Amino acid sequence: KESTTYFGLAIANLSLAYLLTKQIHYYDEAMRWIKCVVKYEHWGNAHLVDVDLSAAWILFGLSIGYDWLKDDMDEADRKTVEQKILLQSRRMYQYKIKTVGEGWSTNYWQNHNWINHNGLATAGYALSYLGEEPALWTKCAKDNFSVVFDVLANDGSDYEGVAYWRYGVMWLFIYAHLLKEREGIDYFKTSSFLKN
(Lines give C-alpha, C1' and ligand atoms only; values in the text may rest on other atoms or scores of the structure.)
Protein backbone atom coordinates (compact mmCIF):
# COMPACT_ATOMS: atom_id res chain seq x y z
CA LYS A 1 0.00 0.00 0.00
CA GLU A 2 3.02 2.27 0.15
CA SER A 3 5.56 3.14 -2.55
CA THR A 4 6.11 0.73 -5.43
CA THR A 5 8.99 2.68 -6.94
CA TYR A 6 11.42 -0.17 -6.24
CA PHE A 7 9.67 -2.34 -8.86
CA GLY A 8 11.07 -0.11 -11.59
CA LEU A 9 14.67 -0.34 -10.42
CA ALA A 10 14.40 -4.08 -9.75
CA ILE A 11 13.36 -4.62 -13.37
CA ALA A 12 16.08 -2.31 -14.70
CA ASN A 13 18.83 -3.83 -12.54
CA LEU A 14 17.95 -7.44 -13.33
CA SER A 15 17.55 -6.68 -17.03
CA LEU A 16 20.95 -4.99 -17.09
CA ALA A 17 22.53 -7.95 -15.28
CA TYR A 18 21.12 -10.27 -17.94
CA LEU A 19 22.19 -7.97 -20.77
CA LEU A 20 25.75 -7.95 -19.45
CA THR A 21 26.11 -11.62 -18.47
CA LYS A 22 23.47 -13.56 -20.46
CA GLN A 23 22.93 -15.62 -17.29
CA ILE A 24 19.41 -16.95 -17.57
CA HIS A 25 18.58 -16.61 -13.87
CA TYR A 26 18.76 -12.80 -14.26
CA TYR A 27 16.37 -12.96 -17.21
CA ASP A 28 13.97 -15.23 -15.31
CA GLU A 29 13.99 -12.94 -12.29
CA ALA A 30 13.53 -9.80 -14.42
CA MET A 31 10.57 -11.47 -16.12
CA ARG A 32 9.10 -12.41 -12.74
CA TRP A 33 9.06 -8.71 -11.74
CA ILE A 34 7.86 -7.64 -15.19
CA LYS A 35 4.97 -10.12 -15.15
CA CYS A 36 4.01 -8.85 -11.71
CA VAL A 37 3.72 -5.17 -12.68
CA VAL A 38 1.90 -5.80 -15.95
CA LYS A 39 -0.84 -7.55 -13.98
CA TYR A 40 -1.49 -4.52 -11.77
CA GLU A 41 -4.53 -2.64 -13.02
CA HIS A 42 -3.13 0.62 -11.62
CA TRP A 43 0.30 1.82 -10.53
CA GLY A 44 0.43 3.74 -7.27
CA ASN A 45 -1.77 4.07 -4.22
CA ALA A 46 -4.35 6.66 -3.17
CA HIS A 47 -2.72 9.88 -4.43
CA LEU A 48 -2.15 10.55 -8.16
CA VAL A 49 -2.50 6.88 -9.08
CA ASP A 50 -1.02 6.07 -12.51
CA VAL A 51 0.31 9.59 -13.01
CA ASP A 52 3.07 10.26 -10.48
CA LEU A 53 6.20 8.80 -8.90
CA SER A 54 5.30 5.14 -8.41
CA ALA A 55 3.91 4.95 -11.93
CA ALA A 56 6.89 6.80 -13.39
CA TRP A 57 9.54 4.66 -11.67
CA ILE A 58 7.76 1.50 -12.86
CA LEU A 59 7.26 2.92 -16.36
CA PHE A 60 10.96 3.74 -16.55
CA GLY A 61 12.08 0.31 -15.34
CA LEU A 62 9.56 -1.63 -17.41
CA SER A 63 10.38 0.35 -20.54
CA ILE A 64 14.14 0.00 -20.24
CA GLY A 65 13.76 -3.67 -19.29
CA TYR A 66 11.54 -4.21 -22.31
CA ASP A 67 14.00 -2.44 -24.58
CA TRP A 68 16.83 -4.66 -23.36
CA LEU A 69 14.95 -7.98 -23.16
CA LYS A 70 12.33 -7.85 -25.91
CA ASP A 71 14.40 -9.86 -28.39
CA ASP A 72 14.57 -12.71 -25.85
CA MET A 73 10.87 -12.59 -24.90
CA ASP A 74 8.31 -14.84 -26.52
CA GLU A 75 5.68 -13.12 -28.66
CA ALA A 76 2.94 -13.25 -26.00
CA ASP A 77 5.15 -11.63 -23.33
CA ARG A 78 6.37 -8.97 -25.79
CA LYS A 79 2.80 -8.03 -26.70
CA THR A 80 1.61 -8.00 -23.08
CA VAL A 81 4.46 -5.72 -21.96
CA GLU A 82 4.08 -3.45 -25.00
CA GLN A 83 0.36 -3.01 -24.29
CA LYS A 84 0.96 -2.21 -20.62
CA ILE A 85 3.62 0.38 -21.50
CA LEU A 86 1.19 1.94 -23.98
CA LEU A 87 -1.63 2.04 -21.41
CA GLN A 88 0.44 3.55 -18.60
CA SER A 89 2.17 6.04 -20.89
CA ARG A 90 -1.15 7.22 -22.26
CA ARG A 91 -2.46 7.74 -18.75
CA MET A 92 0.58 9.74 -17.71
CA TYR A 93 0.80 11.77 -20.93
CA GLN A 94 -2.91 12.68 -20.86
CA TYR A 95 -2.60 13.78 -17.24
CA LYS A 96 0.48 15.89 -18.08
CA ILE A 97 -1.35 17.63 -20.94
CA LYS A 98 -4.48 18.17 -18.82
CA THR A 99 -2.52 19.75 -15.94
CA VAL A 100 -0.11 22.05 -17.76
CA GLY A 101 0.48 25.04 -15.49
CA GLU A 102 -0.25 23.16 -12.28
CA GLY A 103 1.47 20.36 -10.42
CA TRP A 104 4.40 18.31 -11.66
CA SER A 105 3.69 18.86 -15.35
CA THR A 106 5.34 22.28 -15.30
CA ASN A 107 7.16 22.40 -11.94
CA TYR A 108 10.48 22.38 -13.76
CA TRP A 109 12.66 22.55 -10.63
CA GLN A 110 11.04 19.57 -8.92
CA ASN A 111 11.94 15.88 -8.84
CA HIS A 112 8.39 14.77 -9.71
CA ASN A 113 8.71 16.62 -13.01
CA TRP A 114 12.05 14.99 -13.79
CA ILE A 115 11.06 11.45 -12.80
CA ASN A 116 7.66 11.49 -14.50
CA HIS A 117 9.05 12.89 -17.74
CA ASN A 118 11.84 10.30 -17.63
CA GLY A 119 9.21 7.56 -17.50
CA LEU A 120 7.49 9.02 -20.55
CA ALA A 121 10.74 9.51 -22.46
CA THR A 122 11.99 6.00 -21.76
CA ALA A 123 8.66 4.51 -22.81
CA GLY A 124 8.65 6.63 -25.95
CA TYR A 125 12.11 5.48 -26.99
CA ALA A 126 11.39 1.84 -26.11
CA LEU A 127 8.26 1.88 -28.31
CA SER A 128 9.59 4.24 -30.98
CA TYR A 129 8.96 1.57 -33.61
CA LEU A 130 5.23 2.24 -33.17
CA GLY A 131 5.56 5.72 -34.68
CA GLU A 132 3.68 8.89 -33.83
CA GLU A 133 2.26 8.27 -30.37
CA PRO A 134 5.55 7.36 -28.63
CA ALA A 135 7.17 10.27 -30.49
CA LEU A 136 4.71 12.58 -28.68
CA TRP A 137 6.03 11.33 -25.33
CA THR A 138 9.68 11.82 -26.25
CA LYS A 139 8.95 15.29 -27.65
CA CYS A 140 7.01 16.18 -24.51
CA ALA A 141 10.00 15.16 -22.36
CA LYS A 142 12.49 16.91 -24.64
CA ASP A 143 10.50 20.16 -24.51
CA ASN A 144 10.20 19.85 -20.73
CA PHE A 145 13.89 19.21 -20.14
CA SER A 146 14.92 22.04 -22.43
CA VAL A 147 13.30 24.32 -19.84
CA VAL A 148 14.59 22.28 -16.87
CA PHE A 149 18.24 22.46 -17.95
CA ASP A 150 17.82 26.16 -18.70
CA VAL A 151 16.51 27.02 -15.21
CA LEU A 152 18.64 24.74 -13.01
CA ALA A 153 21.18 26.43 -10.77
CA ASN A 154 24.48 26.94 -12.61
CA ASP A 155 26.48 25.85 -9.55
CA GLY A 156 24.97 22.33 -9.54
CA SER A 157 22.84 22.82 -6.43
CA ASP A 158 19.16 21.87 -6.11
CA TYR A 159 16.33 24.22 -5.21
CA GLU A 160 14.73 21.36 -3.23
CA GLY A 161 17.76 20.96 -0.96
CA VAL A 162 20.44 18.35 -0.37
CA ALA A 163 18.15 15.36 0.34
CA TYR A 164 16.20 15.88 -2.86
CA TRP A 165 19.39 16.59 -4.79
CA ARG A 166 20.49 13.08 -3.86
CA TYR A 167 17.08 11.68 -4.85
CA GLY A 168 16.33 13.73 -7.94
CA VAL A 169 19.61 14.46 -9.67
CA MET A 170 20.09 10.89 -10.91
CA TRP A 171 17.03 11.43 -13.11
CA LEU A 172 18.70 14.43 -14.71
CA PHE A 173 21.72 12.25 -15.46
CA ILE A 174 19.51 9.46 -16.80
CA TYR A 175 17.57 11.79 -19.09
CA ALA A 176 20.69 13.59 -20.31
CA HIS A 177 22.30 10.25 -21.14
CA LEU A 178 19.15 8.94 -22.82
CA LEU A 179 18.82 12.06 -24.98
CA LYS A 180 22.51 11.98 -25.90
CA GLU A 181 22.29 8.30 -26.83
CA ARG A 182 19.04 8.54 -28.79
CA GLU A 183 19.20 12.01 -30.35
CA GLY A 184 22.78 13.23 -30.02
CA ILE A 185 21.83 16.21 -27.83
CA ASP A 186 24.48 16.56 -25.12
CA TYR A 187 23.47 18.42 -21.94
CA PHE A 188 26.66 17.17 -20.30
CA LYS A 189 28.52 19.66 -22.53
CA THR A 190 26.02 22.53 -22.46
CA SER A 191 24.49 22.50 -18.95
CA SER A 192 26.36 24.43 -16.26
CA PHE A 193 24.34 22.49 -13.70
CA LEU A 194 25.71 19.17 -14.94
CA LYS A 195 29.22 20.55 -15.30
CA ASN A 196 29.26 21.79 -11.71
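The values are calculated or read from the model by the stated rules, or taken from the named source; none is laboratory data. Computed from a prediction, not measured in an experiment: that's the story for all the values here. Here the Cβ is made from the backbone with ideal geometry for all residues, glycine too, and neighbour counts use every protein chain on show. These area figures cover heavy atoms from the full protein model, side chains too; ligands, DNA and RNA do not enter into them. Shrake-Rupley method; radii C 1.70, N 1.55, O 1.52, S 1.80 Å.
Return the FRET efficiency for the residue pair LEU87, HIS47: r is the Cβ-Cβ distance, R0 is 22 Å, and the value is rounded to the nearest 0.05.
Using R0 = 22 Å, I get an efficiency of 0.65.
Explain nothing, just the number: relative contact order of the chain, from Cα pairs under 8 Å at least 6 residues apart, as a whole percent.
The value is 18 percent.
Let me know the whole percent of all Cα-Cα pairs from the range 97-196 that are separated by more than 21 Å.
30
Any chance you could check the Cα centroid distance between the range 158-196 and the range 43-74 for me, in angstrom?
Their Cα centres are 21 Å away from one another.
For LEU20 and GLU75 in one chain, what is 0.36 nm times their gap in residues minus the Cα-Cα distance, to one decimal in nm? Don't jump to the answer; show the numbers that get you there.
On the way: separation 55, 0.36 × 55 = 19.80 nm, distance 2.27 nm.
Once the chain is fully extended between LEU20 and GLU75, it gains 17.5 nm.
Using only the Cα atoms of the chain, what semi-axes does the equivalent ellipsoid have when each is the square root of 5 times a gyration tensor eigenvalue? Give whole Å, largest first. Before the final figure, lay out each step's value.
Working: eigenvalues 141, 69, 54 Å².
Over the Cα atoms of the chain, the ellipsoid semi-axes are 27, 19, 16 Å.
Using a 1.4 Å probe over the heavy atoms of the protein chains, calculate the carbon and sulfur portion of the accessible area of the range 82-196 as a whole percent.
Details: 2970 of 5480 Å².
Carbon and sulfur: 54 percent of the exposed surface of the range 82-196.
Starting from the Cα-Cα distance between TYR129 and ASP143, subtract it from 0.36 nm times their residue separation and give me the gain in nm to one decimal.
Result for the pair: 3.0 nm of gain on full extension.
Which whole number in µm²/s is D for the range 1-108 by Stokes-Einstein, with the Kirkwood Rh taken over Cα pairs at 4 °C and 1.567 mPa s?
91
If you stretched the chain out fully between ASP155 and ASP28, how much longer would it get, using 0.36 nm times the residue separation minus the C-alpha to C-alpha distance?
Full extension from ASP155 to ASP28 adds 41.4 nm.
Applying a 10 Å radius around every beta-carbon, put 111-123, 79-91 in order of their mean neighbour count, most first. Walk me through the numbers before you get to the answer.
Values: 111-123: 25.8, 79-91: 18.1.
Most protected by this proxy first, the peptides run 111-123, 79-91.
Hey, can you grab everything whose amide H is under 5 Å from the amide H of TRP43? Only 5+ residues off in sequence or another chain; H modelled, so Pro and N-termini drop out.
Distant-sequence amide H within range of TRP43: ASP50.
So what is the accessible area of the range 134-183 per residue, in Å², with the probe set to 1.4 Å?
Heavy-atom SASA per residue in the range 134-183 reads 52 Å².
Find the accessible area per residue for the range 1-59; the probe is 1.4 Å, ligands and nucleic acids are left out, and the unit is Å².
Numbers: 3270 Å² over 59 residues.
With all protein chains present, the range 1-59 gives 55 Å² per residue.
Give the cross-link partners of LYS22 among the lysines, using a straight C-alpha distance below 17 Å as the criterion and excluding same-chain residues fewer than 8 apart.
Straight-distance partners of LYS22: LYS70.
Determine, for each peptide in 95-108, 169-182, 7-20, the mean count of other beta carbons within 10 angstrom over its residues, then list the peptides with the highest first. Show your work: numbers first, answer last.
Details: 95-108: 14.8, 169-182: 17.6, 7-20: 20.1.
Descending packing order for the listed peptides: 7-20, 169-182, 95-108.
Identify all lysines with a Cα-Cα distance to LYS139 below 19 Å; exclude those on the same chain that are fewer than 8 residues away in sequence.
Correct list for LYS139: LYS96, LYS98, LYS180.
Given points 7 Å out from each Cα along the Cα-Cβ axis, report the GLU2 to GLU181 separation in nanometres with one decimal.
3.1
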